[in-house]
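Only one structure is covered here, and it is reproduced in the block below.
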Amino acid sequence: MKVQFLGAVGTVTGSKYLISHENTRVLLDCGLYQGLKNYRQKNWAPLPVPASSINAVLLSHAHIDHSGYIPALVKQGFTGNILCSRGTSELCKILLPDSGYLQEEDARYANQRNFSRHKPALPLYTEADAHKSLKQFKPLPTHKWFDLGDGLKARFRPSGHILGACMIELNDGHRSLTFSGDLGRPDDLLMRPPEIVEDTDVLIIESTYGDRLHQKNDPFETIAELVKKTVHRGGILLMPAFAVGRAQAVLFILSQLIKQQRIPKIPIYLNSPMAISATEIFHKYHKSHRLDRSDYEAIDHVTRYIRSPEESKHLNQQTFPSVIISASGMASGGRVLHHLKSLLPDHKNTILLLGFQAPGTRGASLQAGAPQIKIHGNYFPVRAEVHCLDSLSAHADQAELLQWMKHFKRPPAQTFICHGESTAADTLRREITDQLGWNVKVPEYLDQADI
């Protein structure tokens, strides 16, 4: 086996790892680059091998930084199966078409406002391209080995993080490789802990929070205080939220706070068709995570679901206190941008960021205290109060990553640290070396390694 690192090295987005074994090529993840422009430009760069030469894609989970390049790969000639868990397949049915739609929307907006350097601005792929790629998805059960060709086999094992998320184990009959995907947390509000792995020859592990520990503050208390404070000012609390996982966690918290009479009964809006659909899928697969049917009934009781563009626009005209949850979580696109344009200039309002903000995103700028934010070619002053809540993160932090690795009965021959900014990845490398004594490397873009 050989591995080539095609993405999520030196950054958290664009997850892609090309595995070659004899005449078989498989891609672990097929993610979209997001954030800084120099990374996003890589979405347009050709892969080092023809898309048609790849036999299969193995998908760890549905988040766009892991799945969002699939329609582009299919557009380039990939005809193989896209293998993943059932939950991941269900979520991709809503995430990928939405990604195509947003790219078309961004291109249309750029052309209307004439703020793109490209004439005309074009999407990487369309909503129709995304729907076409869904025909190649083949959901598989977890824990069962399946053949990929030339003696190479693989299986999926739950990794926590979000619904359907899995780590991927490969074995060619001589050597084994484990790809962590995105590792969840032992005490996650929604998901169960990642499964324990005790043995592998090669480990590829994420490092999103490899250089830090999560806040220990209580998310229920933090959100309750911000709701009450914002209501007292007569403002609106806006939460840019990832449509999958984070939106459902926040809805659960708000429903429980209202049930416990810890916050006033103000309108709670979920303004994201994708998050609404994801919530329905979480409900359908409730046995795969911690929330039960009664929890979703409580969520439905307090939440107003905003589906149409007309309803979304109407929200920006209201002046009474409320909570708006809208995608995307890093404010890189979607309906949340229109809410930000409306709410940022008013000191009465509050913006609550709910997780990791990749460098180059509007969320990262808000987190850093930027005095103004550029949206659709115009700058908007940041007068609203901005807060960050890290304790809802669905990623294991440094201590949790190390604790997961301590279950290995022997050190992997090689450990590669990916899916993290350079500082996070290198800090985790030093910690693994110091605490576990493993052979660890942080690969660079397009690096190759024999397994």
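Among the candidates V227, V250, V244, single out the residue that is surrounded by 19 or more Cβ atoms within 10 Å (Cβ to Cβ) and assigned to a loop (DSSP other than H, G, I, E, B). I'd like the intermediate steps shown before the answer.
Numbers: V227 fails: assigned to a loop (DSSP other than H, G, I, E, B); V250 fails: assigned to a loop (DSSP other than H, G, I, E, B).
So the residue among V227, V250, V244 that is surrounded by 19 or more Cβ atoms within 10 Å (Cβ to Cβ) and assigned to a loop (DSSP other than H, G, I, E, B) is V244.
Considered as a group, the residues in segment 14-60 that are touching a Gly at 6+ places or on another chain (Cβ under 6 Å) and in contact (Cβ under 8 Å) with a residue 60 or more places away in the chain include one that is surrounded by the most Cβ atoms within 10 Å (Cβ to Cβ), and that residue is S15. For segment 334-384, enumerate the residues that are at pLDDT 95 or above, hydroxyl-bearing (S, T, Y) and within 20 Å of Q34 (Cβ to Cβ). Correct list: S365 only.
Only one of D129, D150 is among the acidic types (D, E), touching a residue at least 12 places away in the same chain (Cβ under 8 Å) and crowded, with 19+ Cβ neighbours inside 10 Å. Can you tell me which? Let's see the steps before the verdict.
Values: D150 fails: crowded, with 19+ Cβ neighbours inside 10 Å.
D129 is the lone residue from the list that is among the acidic types (D, E), touching a residue at least 12 places away in the same chain (Cβ under 8 Å) and crowded, with 19+ Cβ neighbours inside 10 Å.
Evaluated against (1) surrounded by fewer than 23 Cβ atoms within 10 Å (Cβ to Cβ); (2) in contact (Cβ under 8 Å) with a residue 12 or more places away in the chain, I204 falls short on exactly one condition, (1).
Please enumerate the residues belonging to segment 288-308 that are farther than 26 Å from T142 by Cβ and among the hydrophobic types (A, V, I, L, M, F, W, C). Once the filter is applied, which keeps residues that are farther than 26 Å from T142 by Cβ and among the hydrophobic types (A, V, I, L, M, F, W, C), segment 288-308 yields A298, I299, V302, I306.
Do the conditions hold for K144, that is, is it charged (D, E, K, R), over 22 Å from the mean Cα position of the chain (by Cα) and either within 30 Å of I375 (Cα to Cα) or surrounded by fewer than 16 Cβ atoms within 10 Å (Cβ to Cβ) (or both)?
On the way: charged (D, E, K, R): yes; over 22 Å from the mean Cα position of the chain (by Cα): yes; either within 30 Å of I375 (Cα to Cα) or surrounded by fewer than 16 Cβ atoms within 10 Å (Cβ to Cβ) (or both): yes.
When the stated conditions are applied, K144 passes them.
Cβ-Cβ distances below 6 Å connect the following pairs, each with a first residue in segment 154-177 that is closer than 19 Å to T24 by Cα, a second residue that is basic (K, R) and in a strand (DSSP E or B), and a separation of six or more residues or different chains: E169/R155; N171/K153. Only one of A425, A384, A413 is assigned by the TED database to the domain that holds S67 and crowded, with 21+ Cβ neighbours inside 10 Å. Can you tell me which? Checking each option against the conditions leaves just A425. Taking segment 284-306 as the range and being crowded, with 19+ Cβ neighbours inside 10 Å, under 20 Å from S322 (Cα atoms) and of a type outside the set (S, T, N, Q) as the test, the residues that pass are I299, I306.
Within segment 431-444, which residues are part of a helix (DSSP H, G or I) and surrounded by 13 or more Cβ atoms within 10 Å (Cβ to Cβ)?
Residues of segment 431-444 that are part of a helix (DSSP H, G or I), as a first pass: 431-436.
Answer for segment 431-444, where residues must be part of a helix (DSSP H, G or I) and surrounded by 13 or more Cβ atoms within 10 Å (Cβ to Cβ): E431, I432, T433, L436.
The residues of segment 186-199 that are under 24 Å from R410 (Cα atoms) and either buried (at least 24 other Cβ atoms within 10 Å of the Cβ) or out of contact with any Pro (no Cβ under 7 Å at 6 or more places or on another chain) (or both), listed by number, are P194, I196, V197, E198, D199. Among the residues here, K341 does not qualify as of a type in the set (D, E, K, R) and in contact with an Asp or Glu (Cβ under 9 Å, 6 or more places away or on another chain).
Within segment 1-23, being over 25 Å from S328 (Cβ atoms), assigned to a strand (DSSP E or B) and not small (G, A, S) holds for K2, V3, Q4, F5, L18, I19, H21. Scanning segment 254-276 for residues that are surrounded by fewer than 21 Cβ atoms within 10 Å (Cβ to Cβ), of a type outside the set (D, E, K, R) and assigned to a helix (DSSP H, G or I) returns S255, Q256, L257, I258, I276. Among residues of segment 63-79 that are within 15 Å of Y17 (Cα to Cα) and in the same structural domain as P123 (by the TED database), those with a beta-carbon under 8 Å from a residue that is part of a loop (DSSP other than H, G, I, E, B) and of a type in the set (D, E) at least six positions away or on a different chain give the pairs H66/D29; H66/D182; S67/D29. When every residue of segment 303-316 is checked against the conditions, at least one turns out to be under 25 Å from Q34 (Cβ atoms), at pLDDT below 95, out of contact with any helix residue (DSSP H, G or I) (no Cβ under 9 Å at 6 or more places or on another chain) and not charged (D, E, K, R).
The values are calculated or read from the model by the stated rules, or taken from the named source; none is laboratory data. Computed from a prediction, not measured in an experiment: that's the story for all the values here. Note that each Cβ is placed from the backbone with ideal geometry, even for glycine, and that neighbours are counted across all protein chains shown.
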